[in-house]
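Structure first, then comments.
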Amino acid sequence: MIEWLGISHLFELTGTEAVLGFLTPLIVFIVFFLAQLILPAQRVSGYVINSETGQPRNYRLNGLLIYVLAVLVWALGLTGMPHDWFYRSSVYAVVGGTVLVAIFSLMAFFTQPKKEGQHPWPAFWDGRSQEVSFFNERFDIKMYFYVAGGTMLVLNALSGAVYHYQRFGDDSNPGVFIYAGFFTFYVLDYFIFERVQLYTYDVIHENLGFKLFWGGLIVYGWMFILPLWGLAAHPDPEFSGAGRYLWLIGAPALFLFGWGVSRGANLQKYTFKRWPDRKFLGLIEPRYIQAGERKILISGFWGVARHFNYLGEWFFSLSMALVFGHFTNLWAWTYFVFSVTLFTFRQRFDENQCLQKYGPEKWTEYQEKVKYRIIPGIY
């Protein structure tokens, strides 16, 4: 089965190495916990209201510093581990990490207050509390997910690129290195605009259950590179002539387009939430529907589709499938399928919550003005 899947190279560790791979997430989680707690950070307020004080929650943001330091430590080999270790041990790390987050989720399940009418299994999966922080809001669990998960995503991608080069040398696939570059840039951009994440779906709506623990740490940190699991073991597809230029230029162009749509939409929403009357980029007038004390943005990106930022994520994930050049290999499409599935379901959940948040009358008015969910003219 493993041979048929094309991932037998990920099961070549010795017994001792397999144990170390299993324990790698534990070591990683401890290191990131200490880094986020100790390293200097910027204190900012977010969008979510602290139920105890009635004021916006307070966050310490130091993701960019941690990210840069982690990549430098890995690149300079200061830990003593081989540069390809994270990739080669990834299957064992996913198993070990899943066990860990199951324990964390159980701790959250038993220590957070029960919700009336909520059954145990949904409470474990979805979580009971929306926000948990420690040490006078010095350490916030959701921001920890972003920092640890995002940084590990990049280190796993870079580690896979190293493995690929060590295996194929001059016959390496340039798409593998571009792929690692995509994620390195994408996560760097996220940390540069780290405060914007305080105004996004996960922070505002998600509870702290197994779904978010596993998704934020293991899926985000290790499993977003699933295409690389199958394709780091394949050499250059050897396109020639115009086809090679189309492949190596077209995939990055599609990535930049998707990133631009997603980043632009999220920044516009962030700007509107903080400064409702400010023009986005000094150009786009904020038009909105007034729903009581709330406002629903209907201009710019958010006048094209109700979740236009998700379309940017889809273009981004499509570029990830195409960049390897092995278009018929199903591994190349795993992240794209995951992305389309995730944001299709998330859009539906989000709209149900918005219906309750803004009320049926105003939400219907909004749907009439912005007819499409994600893809203008289609969906």
Over what distance in Å are the Cα centres of segment 273-296 and segment 151-184 separated?
-> 41
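Assign unit charges at the C-beta atoms only (+1 for Lys and Arg, -1 for Asp and Glu), then state the dipole size of the chain relative to its Cα centre in Debye, rounded to the nearest 20.
Value, rounded to 20: 1300 debye.
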Beyond 28 Å between alpha-carbons counts as too far, so tell me which of K211/K362; K115/K142; K142/K295; K142/K273; K279/K357; K269/K362 fall in that bin.
-> K211/K362
Expressed as a rounded percentage, what relative contact order does the chain have, with Cα pairs under 8 Å and six or more residues apart?
-> 17
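Report the Stokes-Einstein translational diffusion coefficient (µm² s⁻¹, integer) for segment 1-71, Rh taken as the Kirkwood radius over Cα pairs, at 25 °C with viscosity 0.890 mPa s.
On the way: Rh = 15.9 Å.
Once the numbers are plugged in, D ends up at 154 µm²/s.
Return one whole number: the accessible area per residue of the chain in Å², for a 1.4 Å probe. Don't skip to the answer; put the middle values down first.
Details: 18010 Å² over 379 residues.
Counting only protein heavy atoms, the per-residue value for the chain is 48 Å².
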Pop out the ³J(HN,Hα) list for segment 181-189 in order, Karplus 6.51 cos²θ - 1.76 cosθ + 1.60 with θ = phi - 60°, rounded to Hz; leave Gly and Pro as x.
-> x, 3, 5, 4, 5, 4, 6, 4, 4
Cα gyration tensor category, rounded, prolate or oblate, for segment 1-152 with a/c compared to 1.5 = oblate
Excluding residues on the same chain fewer than 8 positions from K369, give the aspartates and glutamates whose Cα lies under 19 Å from its Cα.
-> E285, D350, E351, E361
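Share of segment 133-276's accessible area from carbon and sulfur, percent, 1.4 Å? Could you put the intermediate results ahead of the total?
Working: 3280 of 5040 Å².
Roughly 65 percent of what the probe reaches on segment 133-276 is carbon or sulfur.
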Label model pair L355, K295: point-to-point distance (7 angstrom along the Cα→beta-carbon line) in nm is 2.7
Among rounded, prolate and oblate, which fits segment 170-222 when a ≥ b ≥ c are the square roots of the eigenvalues of its C-alpha gyration tensor, a/c under 1.5 means rounded, and a/b larger than b/c means prolate?
-> oblate
Output ³J(HN,Hα) for segment 73-86: one whole-Hz value per residue in order, computed from phi by the Karplus curve 6.51 cos²θ - 1.76 cosθ + 1.60 with θ = phi - 60°, and x for Gly and Pro.
-> 4, 5, 5, 7, x, 6, 7, x, 7, x, 5, 9, 4, 4
Relative contact order computed over segment 43-157 (Cα-Cα under 8 Å; 6+ residues apart), in percent | 28
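Using only alpha-carbon positions, what ratio does the radius of gyration of segment 224-271 give when scaled by 2.2 N^0.38 Å?
On the way: Rg = 15.6 Å, N = 48, 2.2 N^0.38 = 9.6 Å.
Taking N as the residue count of segment 224-271, the ratio is 1.63.
Nearest 500 deg cm²/dmol is fine: what mean residue ellipticity at 222 nm does the chain get from its DSSP H runs of n ≥ 4 alone, each adding -39,500 (n - 2.57), divided by its residue count? Walk me through the numbers before you get to the answer.
Values: 16 runs with 223 residues, N = 379.
Here the helix-only value at 222 nm equals -19000 deg cm²/dmol.
The values are calculated or read from the model by the stated rules, or taken from the named source; none is laboratory data. Just so you know, these numbers come straight off a predicted model, no measurement behind them. Cβ: placed from backbone, ideal geometry, glycine included. Neighbour counts: every protein chain shown. These accessible areas exclude ligands, DNA and RNA; they are computed on the full protein's heavy atoms, side chains included. Shrake-Rupley method; radii C 1.70, N 1.55, O 1.52, S 1.80 Å.
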